[in-house]
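Enquirer: Questions regarding the structure given below will be posed in turn.
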Amino acid sequence: MPELSTLLAQVFTGLVLGMIYVLLAIGLSLIFGLMTVVNFAHGALFMLGAYFGVFLLTYTKSFWVALLVAPLMVGALGLLMERFLIRRLYGRSPDDPLLLTFGLSLILVEGVKVIWGKIGLTLDPPRALAGAVNLGFMSFPAYRLFLIAVTVAVLIGLYLFLGRTNIGLIIRAGSRDPLMVRALGIDLSRVWLVVFGIGTALAGLAGILAGPMRGAYAEMGVTMVIESFVVIVVGGMGSLLGAVVAGLLIGQVVGLTTLFLPKAAEIMVFVVMAVVLLVRPSGLFGEAGLLE
Amino acid sequence: MSALRSGALRIAAHPVLAFWLFFAIFPFIVPNRTMATQVLIFGLLAMGFNLLYGYTGLLSFGHAAYYGLGAYGCGIALAKLHVGSLWLGLAAGFGLAALGGAVIGFFCLRRRGIYFAMLTLAFAQLLYFIGFHLSDWTGGDDGLRGIPQLALGIGPWHYSIETTIGFYYFAYVLVGLAVLLLKRILDSPFGAVLQAIRENSSRATACGYDVDRVKHLSFVFSACFAGLAGSLDALRLTVVPVESLYWTTSGQVVMMTLLGGAGTFFGPFVGAATFLVLEERLSLVLESWPLVIGAIFSAFVLFLPRGIWGTLTGGIHGRQSA
């Protein structure tokens with residue numbers, strides 16, 4: 001058995017990874033819940049978040065500006081994608097947006113290589129967050145604690161937005177019964193645009209937050225988007241609570257397997273998915289038959 | 001255009017005969033004979049994918065799994081277990097892919113709709129990581145090397161697959177038989193049920209068909225075709241790179257089939273040829289050729305959802321929620 005401090009450190013590392021999964025899965029789930037679009041380009045947008053972060057940091061010299069603006073830039077790109085490309089596919093098979101966003105993700109990944117080169121870039125955390133914090137029982141990198149705090153703040157903000165505002169109400173109603181919302185005279189296409197923007201901005205935020213830990217490289221989103229799909233399957237598609245719980249769970253699975261059986265870390269994620277499919281096919285928080 | 005179209009329709013009316021005639025002379029009308037074999041193998045792989053997506057309406061983003069299982073099955077049997085017969089090697093690849101299709105299909109079909117694509121992708125990625133770490137058997141990152149190109153024994157006859165053209169005709173016969181088999185499947189009552197499920201799954205259930213079982217069977221058949229393609233490619237290259245199991249392979253199959261035309265008999269072969277020619281030409285002049293392919297593919301999804309062959313044979317209207 002490893003020492004307790006090692007174990008705790010690994011639990012924290014899993015928590016940090018889990019936060020990234022949660023941000024990605026919530027965005028995917030939000031977009032899917034309202035528009036039944038599976039955004040394959042989510043991983044590429046995550047990657048762009050990190051690259052935009054590097055770009056902004058180089059020119060503004062401020063991590064805080066980069067942290068704020070990079071997700072907005074990714075969200076703006078998401079708005080353009082929805083408005084001019086994905087929107088053309090509504091009314092066709094739900095497979096078609098998935099296929100289109102797959103094509104778009106190829107373009108984005110290769111485009112980044114053309115602009116920023118094939119070699120990955122590093123993204124330095126701000127000086128205020130360099131070093132480690134002593135938590136009493138162990139010390140932990142300050143930046144990672146910051147990442148956890150930012151994610152929790154964003155989740156609370158999102159919860160309030162969806163639960164307490166008018167547009168949040170429309171989004172929730174739209175994912176439950178789009179026909180009725182339309183019948184009430186609400187232009188859903190504008191809501192779709194907003195939701196796609198929010199979802200992709202969250203992917204961008206996850207990207208720049210992950211940047212200081214893993215750098216920015218063109219393929220960084222590929223495995224993340226597949227693992228986010230797993231999170232959604234485990235949590236139950238369309239369920240935001242499910243995305244949070246499953247994201248944290250998968251983070252712990254990766255973190256702890258890395259400690260005990262390093263080779264199996266990537267494999268365990270899919271084993272958990274297979275078990276959930278056997279025991280509870282609709283996911284931990286999914287309703288059977290919803291959105292199928 | 002209309003002459004082209006009537007020609008295409010004539011070919012589509014007798015697809016198996018057209019396949020055997022056209023691919024008999026194919027290596028002599030393309031500049032690059034290696035590519036002729038690749039078109040056969042990737043056409044077969046895309047054809048297997050098309051059975052599931054084009055005819056049953058199930059989008060798999062994980063066909064790398066069955067292609068890779070076929071390749072590793074054949075490669076491990078010949079290079080590690082030294083079974084000493086090409087037929088046994090092919091049977092091992094085919095069998096492993098069928099088994100993989102049966103097991104993964106069971107899991108993936110527990111969720112319907114768009115989940116299916118995500119699940120197939122996830123399970124293929126699981127196999128990739130297993131292949132990566134199980135290096136005693138798979139060679140891991142270096143790939144599985146040293147697959148012998150044994151001579152083919154048919155009774156007293158021996159046929160060598162070591163030359164490019166020799167291998168081409170070996171693959172030609174096997175892929176030709178697979179094409180014949182697919183045609184028989186599609187023309188059978190089972191094939192009619194597949195297309196009924198694609199058009200309206202609940203109505204097929206209401207008609208009394210066991211939709212889940214038919215889907216599962218279609219999944220296994222599809223995996224078998226992909227596995228045969230994988231086995232052939234392992235023999236052609238004499239190595240199995242671990243990337244065979246990677247999601248990029250699955251993506252390639254999806255792109256090939258859609259470029260050619262999903263749900264059409266020849267679409268997969270037209271698409272495989274188009275993709276491979278594009279890849280060869282573009283990679284000569286442009287380092288970031290996948291960008292161009294991604295753009296072409298996206299344009300096809302948006303504006304030409306029936307693909308090249310589907311547009312030639314079927315008119316210009318979009319697919320009806322197929």
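The values are calculated or read from the model by the stated rules, or taken from the named source; none is laboratory data. Not measured: the values here are computed from a predicted model. Cβ placement follows ideal geometry from the backbone for every residue including glycine, while neighbour counts extend to all protein chains displayed.
Enquirer: Go through region B:147-173 and report how many residues are at pLDDT 90 or above and among the small types (G, A, S).
Expert: 2
Enquirer: Moving to a separate point now. Only one of A:F102, A:F140, A:F161 is within 19 Å of A:R214 (Cβ to Cβ) and not polar (S, T, N, Q). Can you tell me which?
Expert: Step by step, each of A:F102, A:F140, A:F161 is checked, and only A:F140 is within 19 Å of A:R214 (Cβ to Cβ) and not polar (S, T, N, Q).
Enquirer: Tally up the residues in region B:224-246 that are touching a helix residue (DSSP H, G or I) at 6+ places or on another chain (Cβ under 6 Å) and acidic (D, E), please.
Expert: Of the residues in that region, 1 qualify.
Enquirer: In region B:242-272, what count of residues is obtained for those that are part of a loop (DSSP other than H, G, I, E, B) and under 13 Å from the mean Cα position of the chain (by Cα)?
Expert: Counting residues in region B:242-272 that are part of a loop (DSSP other than H, G, I, E, B) and under 13 Å from the mean Cα position of the chain (by Cα) gives 3.
Enquirer: Also: Among the candidates B:G271, B:G176, single out the residue that is at pLDDT 95 or above and either surrounded by 19 or more Cβ atoms within 10 Å (Cβ to Cβ) or within 14 Å of chain A (Cβ to nearest Cβ) (or both).
Expert: Testing whether each residue is at pLDDT 95 or above and either surrounded by 19 or more Cβ atoms within 10 Å (Cβ to Cβ) or within 14 Å of chain A (Cβ to nearest Cβ) (or both) leaves just B:G271.
Enquirer: Pick out, from region A:156-265, the helices (runs of 4 or more DSSP H) lying fully within it that include 3 or more residues that are closer than 21 Å to A:F40 by Cβ, within 14 Å of chain B (Cβ to nearest Cβ) and not charged (D, E, K, R).
Expert: By residue number, A:220-235, A:240-260.
Enquirer: Can you tell me which residue among B:G155, B:G139, B:G143, B:G131 is under 20 Å from A:P262 (Cα atoms), of a type outside the set (K, R) and more than 14 Å from chain A (Cβ to nearest Cβ)?
Expert: B:G139
Enquirer: Considering only region B:1-120, give the helices (runs of 4 or more DSSP H) lying wholly within it that have at least 2 residues that are modelled with pLDDT under 95, surrounded by fewer than 24 Cβ atoms within 10 Å (Cβ to Cβ) and on the phi < 0 side of the Ramachandran plot.
Expert: Numbers: elements: B:2-13, B:15-29, B:33-50, B:64-79, B:86-108.
In region B:1-120, B:2-13, B:15-29, B:33-50, B:86-108 are the helices (runs of 4 or more DSSP H) which contain 2 or more residues that are modelled with pLDDT under 95, surrounded by fewer than 24 Cβ atoms within 10 Å (Cβ to Cβ) and on the phi < 0 side of the Ramachandran plot.
Enquirer: Is there a residue in region A:130-147 that is under 30 Å from B:G62 (Cα atoms), away from every other protein chain (no Cβ under 14 Å) and either surrounded by fewer than 17 Cβ atoms within 10 Å (Cβ to Cβ) or among the hydroxyl-bearing types (S, T, Y) (or both)?
Expert: For region A:130-147, residues under 30 Å from B:G62 (Cα atoms), away from every other protein chain (no Cβ under 14 Å) and either surrounded by fewer than 17 Cβ atoms within 10 Å (Cβ to Cβ) or among the hydroxyl-bearing types (S, T, Y) (or both): absent.
Enquirer: Kindly check whether there is at least one residue in region A:51-63 that is within 14 Å of another protein chain (Cβ to nearest Cβ), touching an Asp or Glu at 6+ places or on another chain (Cβ under 9 Å) and either at pLDDT below 95 or within 30 Å of A:R182 (Cα to Cα) (or both).
Expert: No, region A:51-63 has no match at all.
Enquirer: Cβ contacts < 7 Å: first residue farther than 26 Å from A:V109 by Cα and within 14 Å of chain A (Cβ to nearest Cβ), restricted to region B:293-322; second residue at pLDDT 95 or above and surrounded by fewer than 21 Cβ atoms within 10 Å (Cβ to Cβ), any location; separation 6+ or different chain. Result?
Expert: none
Enquirer: Could you grab me the full set of residues in region B:74-122 that are touching a residue at least 40 places away in the same chain (Cβ under 8 Å), among the small types (G, A, S) and within 30 Å of B:N200 (Cα to Cα)?
Expert: Result: B:A97, B:A98, B:G100, B:G101, B:A102, B:G105, B:A117, B:A122.
Enquirer: Scan region B:36-55 and report the pairs whose first residue is within 11 Å of B:A178 (Cα to Cα) and whose second residue is polar (S, T, N, Q), with Cβ atoms within less than 8 Å and a gap of 6+ or a chain change.
Expert: Hits for this filter: B:G48/B:S222.
Enquirer: Taking the residues in region B:85-127 that are in contact with a Ser or Thr (Cβ under 9 Å, 6 or more places away or on another chain) and among the aromatic types (F, W, Y) as candidates, determine which candidate is farthest from the other protein chains (Cβ to nearest Cβ).
Expert: B:F94
Enquirer: Out of curiosity, is B:V277 assigned to a helix (DSSP H, G or I), of a type in the set (A, V, I, L, M, F, W, C) and either on the phi > 0 side of the Ramachandran plot or surrounded by fewer than 21 Cβ atoms within 10 Å (Cβ to Cβ) (or both)? Write out each step before concluding.
Expert: Numbers: assigned to a helix (DSSP H, G or I): yes; of a type in the set (A, V, I, L, M, F, W, C): yes; either on the phi > 0 side of the Ramachandran plot or surrounded by fewer than 21 Cβ atoms within 10 Å (Cβ to Cβ) (or both): yes.
Yes: the conditions hold for B:V277.
Enquirer: Here are the criteria: (1) of a type outside the set (K, R); (2) over 30 Å from A:A265 (Cβ atoms); (3) in contact with a Pro (Cβ under 9 Å, 6 or more places away or on another chain). Tell me which single one A:L205 does not satisfy.
Expert: (2)
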